[in-house]
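**Q** Got a structure for you, questions after.
Laboratory data are not the source of any read-out in this text; all were calculated from the coordinates shown. Predicted model, so just to flag it, every value in this text is computed and none were measured. Cβ: placed from backbone, ideal geometry, glycine included. Neighbour counts: every protein chain shown.
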Amino acid sequence: MQFHKLVSTCLGIGYIGKGAGTVAAVATCICWYFAWAGGYNLTLSIIVTAAITLVGVWSSGIVATVWGKDPSRVVIDEAAGMCISLLFLPPNLKYIGAGLILFRFFDIVKPLFINKMEKLPGGWGIMFDDVLAGVYANIILQAVLWFKLF
């Protein structure tokens, strides 16, 4: 159980209380920036994002049996959603900052069926509202990149 608590809280970030989701998203942005500062590796970024998402489904599902449905301490969903927001984009501060703002907007407001993802069972429901928020943020950022808006 300790492994799942450590993973689902993103190494303890989830225990800080209010704002833990935002802190986890910012920490993910910092890690993403430094991981790809020397050059973006698309294949590895996809593998890392998929691994975080799948381990997040597993671990959050297990801790939910103890902490309850969609516990606030679980923030690995924010890490996964943030990674999805940044996939296929240049790892620079403009895109990472815009990705953070868009992801948190979609994650908090939950428009366009995002809230329906929470009804999925166990870890799937915990993770997939943030996954979808990340997908929406990424779509907007892809349009920004395509149209060279910055």
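**Q** If a residue must be under 22 Å from Leu11 (Cβ atoms) and more than 12 Å from the chain's Cα centre (by Cα), how many such residues does region 70-108 contain?
**A** Of the residues in region 70-108, 6 are under 22 Å from Leu11 (Cβ atoms) and more than 12 Å from the chain's Cα centre (by Cα).
**Q** When both residues are 6+ apart or on different chains and their Cβ atoms are under 6 Å apart, which pairs have a first residue that lies in region 118-130 and is closer than 21 Å to Gly99 by Cβ, and a second that is surrounded by fewer than 23 Cβ atoms within 10 Å (Cβ to Cβ) and among the hydrophobic types (A, V, I, L, M, F, W, C)?
**A** From region 118-130, the pairs are Met127/Val57; Phe128/Met117; Phe128/Leu120; Asp129/Ile114; Asp129/Met117.
**Q** Can you name the helices (runs of 4 or more DSSP H) wholly within region 31-144 that have at least 1 residues being touching a helix residue (DSSP H, G or I) at 6+ places or on another chain (Cβ under 7 Å) and aromatic (Phe, Trp, Tyr)? Break it down stepwise before answering.
**A** Values: elements: 42-67, 76-86, 93-109, 114-117.
It comes to 42-67, 93-109.
**Q** Can you name the number of the only condition in (1) closer than 22 Å to Thr22 by Cβ; (2) surrounded by 13 or more Cβ atoms within 10 Å (Cβ to Cβ); (3) out of contact with any Ser or Thr (no Cβ under 9 Å at 6 or more places or on another chain) that Ile139 fails?
**A** Ile139 satisfies every listed condition except (2).
**Q** Using the structure shown, decide if Leu11 is more than 20 Å from Ala133 (Cβ to Cβ), under 15 Å from the mean Cα position of the chain (by Cα) and without any contact (Cβ under 8 Å) to a residue 40 or more places away in the chain. Outline the logic, then answer.
**A** Numbers: more than 20 Å from Ala133 (Cβ to Cβ): yes; under 15 Å from the mean Cα position of the chain (by Cα): yes; without any contact (Cβ under 8 Å) to a residue 40 or more places away in the chain: yes.
Spelling it out, Leu11 is indeed more than 20 Å from Ala133 (Cβ to Cβ), under 15 Å from the mean Cα position of the chain (by Cα) and without any contact (Cβ under 8 Å) to a residue 40 or more places away in the chain.
**Q** I would also like to ask the following. Can you find a residue in region 88-100 that is touching a residue at least 12 places away in the same chain (Cβ under 8 Å), over 18 Å from Val135 (Cβ atoms), surrounded by 13 or more Cβ atoms within 10 Å (Cβ to Cβ) and in contact with a His (Cβ under 8 Å, 6 or more places away or on another chain)?
**A** no
Here is a yes/no grid of residues against (1) surrounded by 13 or more Cβ atoms within 10 Å (Cβ to Cβ); (2) charged (D, E, K, R); (3) closer than 18 Å to Met127 by Cα:
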residue	(1), (2), (3)
Leu6	yes, no, yes
Gly12	no, no, yes
Gly17	no, no, no
Thr22	yes, no, yes
Thr28	yes, no, yes
Tyr33	yes, no, no
Trp36	yes, no, no
Tyr40	yes, no, no
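**Q** Restricting the search to region 42-69, which residues are surrounded by fewer than 13 Cβ atoms within 10 Å (Cβ to Cβ) and either over 15 Å from the mean Cα position of the chain (by Cα) or in contact (Cβ under 8 Å) with a residue 60 or more places away in the chain (or both)?
**A** Matches in region 42-69: Leu42, Thr43, Leu44, Thr65, Val66, Gly68, Lys69.
**Q** For Gly56, are the conditions met, namely being small (Gly, Ala, Ser) and closer than 23 Å to Gly12 by Cβ? Lay out the reasoning, then the answer.
**A** Details: small (Gly, Ala, Ser): yes; closer than 23 Å to Gly12 by Cβ: yes.
So Gly56 fits the description; yes.
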